[in-house]
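Reading through the structure tokens given below for one structure.
Please treat every number below as a calculation from the coordinates, not as lab data. Here the structure is a predicted model, which is why all the values come from computation and not from measurement. So basically every Cβ, Gly included, is an ideal-geometry build from the backbone, and we count neighbours across all protein chains shown.
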């Protein structure tokens, strides 16, 4: 059990902190985006991935359920909708992208049985991976200018060629035939995976480091261009709804929360985590961090988790 402590002295300080100092740098964290496994949190450490469960009592703590050893640095994580930890038998299914350009599929019952499958195909760093809502397919985007769509049953894949390195990939939550792919050049395309044809594109004219499709509103996209937050409404896709400069340096990573009201972003070079309301872009949090590497929202709770070097920092964020 990993217990939290808090040294909250101001509104910008985290409500809870968990120290992984002996384990090393935390490269990626990922809360499950599904109701049946909503308290599951994956934590990628230098050579292993911790499968943990969030325990909420007076404070919060993390219960370690399993360790998956992968031997490489993790670049991205994704959890399958098949995962459940609240019923028996347990079933945990997730994948990781390593710095060896390979994807590892992990499956465990959190007991005696576990397995790992390695998928090879990319020739450069994999920047993002995502399961479709029905967990029939896994999409991955890479610096090799491709997005690959893997069949998770027979492990075959289809390759779509991009015009620049892929930075983010995300599925429509209700329609598993629709896939969003963001490119570093500043282009966001939406594909019909059945026909493998683009059906819509968005372009802001500046290099793009991150993008996310709102989990609760399929019309809303947020993207980050040279430190500028851009909000898109797909019902009026010709121009962004609004934009605001958030960082003074390039790069960064963002995620929209489960209710679609808040967007959080970190920039490792600038050393800040910031949270804003999507509609008004009013800032709800600005906190200085030593080395922010990743962030993730809880599925239901207004709880943001940020990996800061070898610590996990948790904030309760109000949307009012």
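A compact table of results
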| item | result |
| --- | --- |
| Principal axis dimensions, the range 197-320 - Cα atoms, whole angstrom, descending | 41, 31, 29 |
| Extension gain (nm, one decimal) between residue 109 and residue 233, 0.36 nm per residue minus Cα-Cα | 40.6 nm |
| Cα gyration tensor, the range 133-273 - rounded (a/c under 1.5), prolate or oblate | prolate |
| Approximate spin-label separation residue 288-residue 102, in nm, with each point projected 7 Å along Cα-to-Cβ | 4.3 nm |
| Residues 300, 104, sorted so that the one with the fewest Cβ neighbours within 10 Å comes first | 300, 104 |
| Cα shape, the range 269-320, gyration tensor, a/c 1.5 rule | oblate |
| Point-to-point label distance, residue 69-residue 218, nm (Cα→Cβ direction, 7 Å offset) | 4.4 nm |
| Full-extension gain in nm, residue 195 to residue 19, via 0.36 nm per residue minus C-alpha separation | 58.7 nm |
| Segment residue 151-residue 242, extension gain: residue separation times 0.36 nm, minus the distance between their alpha carbons | 29.1 nm |
| 170, 286, 74 arranged by Cβ crowding within 10 Å, fewest neighbours leading | 286, 170, 74 |
